[in-house]
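Nothing in this text is a laboratory measurement; each read-out follows from the coordinates by a stated rule. Note that the coordinates shown come from a computational prediction; the quantities given were computed from them, not determined experimentally. Counting neighbours? That spans all protein chains shown, and the Cβs are built from the backbone with ideal geometry, glycine included.
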Amino acid sequence: MLKNIPAILSPEAVKLLMEMGHGDTVLLADANYPAHTNNDRVIRADGHTIPDLLEAVLALLPLDTVVDRPASVMATGTDESPAVWARFSEIVDSAGGPAELEEIERFRFYEVASHAAGIIQSGDTTLFGNILLQKGTLQ
């Protein structure tokens, strides 16, 4: 056992975060996301919500300060934002990152996520509940 590791993060998830370098990305994906056809490294986190996983990941992962918005979501194609995005913004803001999330068009989001270091996929069924994080450096 280790101290201060959020209990909802599996050893595989912590290993993924540790192996990532500056500028690498990790996707926290909802249950609807086509993770296994989009990336070779998928870590399951069933039974957890994306907001809970986001809080746990950001307890360990420094966000990139070189880019304006190190947290991105998949655009819905409408003018309406899913309610969960407000929660994402709060969590990112409380972790020291900019609260404004970058919206990436759906198929571009799939392309970007295919190059992520990995995907942590939850069983969360919240629509558009995916968030891509870009890792920064420790200051």
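Below is a table of values for the structure above.
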quantity	calculated
For region 23-134, share of DSSP beta bridges that run antiparallel, in % to the nearest 5	35 percent
Förster radius 30 Å - calculated FRET efficiency between L60 and T37, Cβ distance, rounded to 0.05	0.65
Dipole magnitude (debye, nearest 20) for the chain, charges at Cβ of Lys, Arg, Asp, Glu	460 debye
Label-to-label distance, nm, for residues given as H22 and A75 (7 Å Cα→Cβ offset)	3.0 nm
FRET efficiency, S94 to K3 (Cβ-Cβ, R0 30 Å, nearest 0.05)	0.90
Positive-pole candidate from G123, P11, P34, dipole of the chain, charges at beta carbon	P11
Likely footprinting exposure, S72, S94, fewest C-beta neighbours within 10 Å first	S94, S72
Gyration tensor over alpha-carbon atoms, region 23-134, equivalent ellipsoid semi-axes in Å	18, 16, 15
Surrounding net charge for K135, when Lys and Arg each add one and Asp and Glu each subtract one, Cβ distance under 9 Å	-2
Of E100, E90, E19, the one that fluctuates the most in a GNM where the chain has Cα springs shorter than 10 Å	E19
The chain: relative contact order in percent, alpha carbon pairs under 8 Å with at least 6 residues between	47 percent
